[in-house]
Amino acid sequence: MTRPSRFPMRRRILLGVVAVILAGMGWLHFTGAAGTRGMALRDMDWNADGKAGMDEWLQSIYAVVVDKTVDGPRECSTYAWRSDRRTIRVDCKTVVKPDSEAK
């Protein structure tokens, strides 16, 4: 009499799918995909029509990259198209840090 496998085929397939999804998300984050950088959906209005819909959210994952730079207290995020690196917009903010962190 054979013992049932601890990991049946269905469970192996599910584990494989989850591993592929996690690897894909890691690759997208490593390559700078804007959708993995914690921005709100309302900020993903790439065509400046005043609305950010599902198509623009999908673009933030596969077509838009973000480069973050820090220059003293100024932090800037430059959003660009992945294909040709044309800039979509630049968001900058000044971050005031307490004296204990500034040193």
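The values are calculated or read from the model by the stated rules, or taken from the named source; none is laboratory data. Predicted model, so just to flag it, every value in this text is computed and none were measured. So basically every Cβ, Gly included, is an ideal-geometry build from the backbone, and we count neighbours across all protein chains shown. Surface areas here come from the heavy atoms of the whole protein model, side chains and all, with no ligands, DNA or RNA. Shrake-Rupley method; radii C 1.70, N 1.55, O 1.52, S 1.80 Å.
Residue separation of N47 and D84 scaled by 0.36 nm, minus their Cα-Cα distance, works out to 11.7 nm of gained length. The heavy atoms of K51 offer some 140 square angstrom of accessible surface to a 1.4 angstrom probe. Considering only alpha-carbon pairs that sit under 8 angstrom and 6 or more positions apart, the relative contact order computed for the chain is 17 percent. The alpha-carbon of K68 sits under 16 angstrom from the alpha-carbons of these aspartates and glutamates, leaving out residues fewer than 8 places away in its chain: D43, D91. For the stretch 4-96, taking the reciprocal of the average inverse distance between every pair of different Cα atoms yields a Kirkwood hydrodynamic radius of 15.3 Å. For the chain, the solvent-accessible area of protein heavy atoms averages 80 Å² per residue (probe radius 1.4 Å; ligands and nucleic acids excluded).
Dipole size of the stretch 1-72 about its Cα centre, with +1 on Lys/Arg Cβ and -1 on Asp/Glu Cβ: approximately 940 debye, rounded to the nearest 20.
For D55, the solvent-accessible surface computed with a 1.4 Å probe is close to 100 Å², ligands and nucleic acids excluded.
In this calculation the C-beta distance from D99 to K68 is compared with R0 = 35 Å, giving a FRET efficiency of 0.90. Which of A63, G24, M9 sits farthest toward the positive end of the charge dipole of the chain, with +1 on the Cβ of Lys and Arg and -1 on the Cβ of Asp and Glu? Among A63, G24, M9, the one farthest towards the positive end of the dipole of the chain is M9. Using the rule -39500 (n - 2.57) for each DSSP H run of four or more residues, divided by the residues of the chain, the 222 nm mean residue ellipticity is -10500 deg cm²/dmol.
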